[in-house]
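Encoded as structure tokens, the structure appears first; notes follow it.
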Amino acid sequence: MEIKRIGVMTSGGDAPGMNAAVRAVVRTARNFGWEVMGIMRGYQGIFDRDFTPMISRSVSGIISRGGTILKSDRCMQMYESEGRAEAACILREEGIDALVLIGGDGTFTGAMMLADEHGVRSVGVPGTIDNDLYGSDYTIGFNSAVNTAVSCIDNLRDTSDALDRVFLVEVMGRGSGYLAWMVGFAAGAEEILVPETPTDIEGIRRHIEEARSKGKQSMIIVVAEGDEEGNVLELKKKLNLPDPPYEVRTAILGHVQRGGRPSAMDRFLGQHLGYESCVALQKGVTGVMVGVVAGQVTLTPFKDAIEKAKTFDISLLDTAMILAR
Ligand code: F6P
């Protein structure tokens with residue numbers, strides 16, 4: 001069926017670069033002669049019928065802005081089959097022929113169900129700071145979040161060094177350690193704790209004590225929130241290092257990692273994938289996430305993007321410890 005009108009939304013946790021993707025979707029779609037409806041606050045905007053007609057001028061000046069002009073939300077009605085039926089009916093009533101969804105695994109799960117149950121056509125654009133989606137080397141927002149977290153840790157390194165302290169720094173990533181892995185390695189952390197490997201409290205304690213005995217007075221330990229010891233306040237208690245001589249402090253970077261201006265890499269990736277999502281729809285492709293793997297554009301079925309494991313080189317966790325000695 002020929003496309004005349006598409007809907008575009010941002011959904012789930014916002015990520016720097018989402019606006020670059022929105023800009024590319026709107027301008028590519030308009031170039032194809034399609035009408036574009038911006039759907040506010042993710043799937044919730046469908047139920048609220050909160051649609052905004054968008055033209056090329058609607059996305060002027062947003063490429064460098066963090067967050068998302070379409071806002072985002074998590075929508076409980078999409079977890080119910082009745083809700084999905086209502087959403088599909090509203091999309092038909094609004095004459096929306098296909099959707100471009102910028103978000104993460106929760107977003108694509110909803111899209112997969114709308115397709116399976118009601119034949120709603122859609123293409124996903126991976127937008128999440130977690131980089132936990134199979135089918136693209138990176139997700140939009142990941143590079144910006146890495147840069148933000150590394151900059152925060154650089155600040156912590158100054159005070160950690162000044163007062164000979166051990167800092168336990170919790171970063172986001174939900175169930176994935178990918179963000180912690182890259183942030184920790186880039187920041188020169190002495191330890192990086194991720195859910196993909198077991199965490200040995202006693203081994204960490206020994207590492208801190210041995211480092212101190214060899215004259216290393218301060219340390220940065222990066223902890224993925226999804227690690228089994230992902231709560232740095234609890235981890236500090238479990239380490240139970242005597243104070244004095246050890247002063248252990250904690251820092252939870254939290255939602256700072258979600259904000260800020262998108263990096264050049266995320267603007268580049270956001271535009272590239274936003275454009276490719278419309279190209280895929282124009283070719284009649286649906287039910288896939290667009291991505292870039294080893295420099296090549298990829299189209300990955302939603303099911304694989306959600307369910308297949310996104311891996312990283314675990315050996316760098318040991319390399320980090322050697323390089324931080
Ligand atoms: O999925 C992105 C993310 O930032 C995760 O890293 C984090 O665990 C979660 O969202 C936080 O969710 P919320 O913004 O709803 O607190």
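Per-residue ellipticity at 222 nm computed for the chain from its helices equals -12500 deg cm²/dmol, with DSSP H segments shorter than 4 residues left out and the rest contributing -39,500 (n - 2.57). Taking 0.36 nm per residue of separation and subtracting the Cα-Cα distance, full extension of the segment from residue 255 to residue 206 would add 14.5 nm.
Which residues make up the longest stretch of the chain that has no GluC sites (Glu not before Pro) in a DSSP loop with at most 16 other Cβ atoms within 10 Å? Formally, the longest exposed-site-free interval is 95-227. Once the Cα-Cα distance is subtracted from the 0.36 nm per residue extended length, the residue 52 to residue 241 segment shows a gain of 62.4 nm. Listed peptides 7-20, 50-63 appear in the order 7-20, 50-63 once ranked by packing, highest mean of other Cβ atoms within 10 Å at the front. Once the mean 1/r over all distinct Cα pairs of segment 68-147 is inverted, what Kirkwood radius in angstroms do you read off? It is 13.7 Å. The distance between label points at residue 82 and residue 162 comes to 5.9 nm (points 7 Å beyond Cα on the Cα→Cβ vector).
Over segment 214-279, the hull volume per residue, using the convex hull of the C-alpha atoms, is 164 Å³. In the context of the full set of protein chains, segment 145-258 has a per residue accessible area of 44 Å² (1.4 Å probe). In loop segments of segment 145-227 as defined by DSSP, the trypsin sites (Lys or Arg not before Pro) with at most 12 further C-beta atoms inside 10 Å of their C-beta are 214. Each of residue 2 and residue 318 was given a label point 7 Å from its Cα along the Cα-to-Cβ line. The distance between the two points is 6.1 nm.
For the chain, the longest principal axis of the C-alpha atoms and the axis of helix 201-213 are separated by about 50°. Using Cα atoms only, what is the angle between the long axis of helix 105-118 and the major principal axis of the chain, expressed in degrees (0 to 90) to the nearest 10? In the chain, helix 105-118 runs at an angle near 30 degrees to the longest axis. For the chain, the Cβ-based charge dipole about the Cα centre amounts to some 1080 debye (Lys, Arg positive; Asp, Glu negative; other atoms uncharged).
Expressed as an acute angle from 0 to 90° and rounded to the nearest 10, what is the orientation of the C-alpha long axis of helix 18-31 relative to the principal long axis of the chain? Helix 18-31 and the main axis of the chain meet at about 20 degrees.
Within the accessible area of the chain, what % is carbon and sulfur when the probe is 1.4 Å and the other protein chains stay in place? Exposed carbon and sulfur together represent 51 percent of the surface. Averaging sequence separations of C-alpha pairs under 8 Å and six or more residues apart, then dividing by the length of the chain, give the relative contact order as a whole percent. Result for the chain is 24 percent. Separation of segment 23-67 and segment 238-308, taken as the distance between their Cα centroids, equals 21 angstrom.
Give me the base-10 log of I(q)/I(0) for the chain at each q in 0.06, 0.07, 0.16 Å⁻¹, Debye formula, one uniform scatterer per Cα, rounded to two decimals. Ignoring solvent entirely, the Cα scatterers give -0.24, -0.32, -1.17.
Checking the cross-link pairs 214/238; 216/308; 71/303; 71/238 against a 29 Å limit on the alpha carbon distance flags 216/308; 71/238 as lying beyond it. A simple spin-label model places the labels of residue 283 and residue 93 3.5 nm from each other, with each point 7 Å out along Cα-to-Cβ. Name the most mobile residue of 231, 143, 240, meaning the one with the largest mean-square fluctuation, in a Gaussian network model of the chain with Cα contacts below 10 Å. Greatest mean-square fluctuation among the candidates belongs to 240.
Report relative contact order for segment 145-258 in percent, whole number only (criteria: Cα-Cα under 8 Å, sequence separation at least 6). Relative contact order of segment 145-258: 40 percent. Principal axis analysis of the Cα atoms in segment 145-258 yields extents of 35, 28, 20 Å, listed in decreasing size.
The values are calculated or read from the model by the stated rules, or taken from the named source; none is laboratory data. Since the model is a prediction, treat every value here as computed from it, not as a measurement. Don't worry about glycine lacking a Cβ; one is built from the backbone with ideal geometry, like all the others, and counts go over all protein chains shown. With ligands, DNA and RNA removed, areas are computed over all heavy atoms of the protein, side chains included. Shrake-Rupley method; radii C 1.70, N 1.55, O 1.52, S 1.80 Å.
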